[in-house]
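What follows is a set of notes on a single structure, which appears directly below.
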Amino acid sequence: MAAFRDMEEVSQGLLSLLGANRAEAQQRRLLRRHEQVVERLLETQDGAEQRLREVLTAEKEVAQSLLNAKEQAHQGSAELQQLEAELQRASEEDARLKASLLQLSRELEELKEIETDLERQEREVDEDTTVTIPSAVYVAQLYRRISKIEWDYECEPGTIKGIHHGPSVAQPIHLDSTQLSKKFISDYLWSLVDTEW
């Protein structure tokens with residue numbers, strides 16, 4: 001603004017010089033002043049252009065930074081979505097594994113209960129066996145001494161086999177329990193026993 005005022009002054013001075021026909025010295029002085037004003041105007045213009053270039057460069061840098069930031073934000077958004085999807089999958093897998101672990105824990109508890117029950121039953125069987133087997137063995141041995149029958153335990157199911165060691169001769173026994181009544185079999189076997197004691 002000051003440069004334009006100076007230029008206006010120089011122009012008015014030139015007009016007055018021409019109009020009044022003043023001395024050449026004043027004309028030189030005004031011409032020097034005009035040159036100084038023009039130089040100042042050119043310097044101001046160069047400064048303004050330099051500042052304009054700097055502003056444009058800064059705007060380009062800011063625009064590039066903004067584009068880079070947008071690209072990074074877009075990439076960050078895509079990565080965030082990917083991470084959220086992975087987190088969702090991991091959460092679903094975690095829930096599935098927890099459910100599976102819970103089911104396995106229940107099965108383990110059931111198996112422990114079954115094991116405890118089996119151990120209890122085994123102890124009961126052991127106790128029963130401790131009492132029953134000796135008495136069963138005694139009864140079997142007593143029956144064998146009384147009946148003098150040697151049983152064939154490897155015969156087929158439904159067949160009663162053995163040898164009766166009678167007073168004079170050994171007699172084989174071969175009965176089919178599917179065709180004979182239990183009463184007949186019992187009566188027959190007891191008929192082999194010598195009841196005269």
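Just one of the numbered conditions (1) at pLDDT 90 or above; (2) open to solvent by 90 Å² or more (accessible area, probe 1.4 Å); (3) of a type outside the set (Val, Ile, Thr) is not true of Leu52: (1). Scanning region 78-124 for residues that are of a type in the set (A, V, I, L, M) and more than 11 Å from the chain's Cα centre (by Cα) yields Ala78, Leu80, Leu83, Ala85, Ala99, Leu101, Leu102, Leu104, Leu108, Leu111, Ile114, Leu118. The single condition from (1) more than 56 Å from the chain's Cα centre (by Cα); (2) open to solvent by less than 80 Å² (accessible area, probe 1.4 Å); (3) at pLDDT below 90 that Glu154 fails is (2).
The values are calculated or read from the model by the stated rules, or taken from the named source; none is laboratory data. Just so it is clear, the structure is predicted and the values come from calculations on it, not from any experiment. The area values use the complete protein model at the heavy-atom level, side chains included, leaving out ligands, DNA and RNA. Shrake-Rupley method; radii C 1.70, N 1.55, O 1.52, S 1.80 Å.
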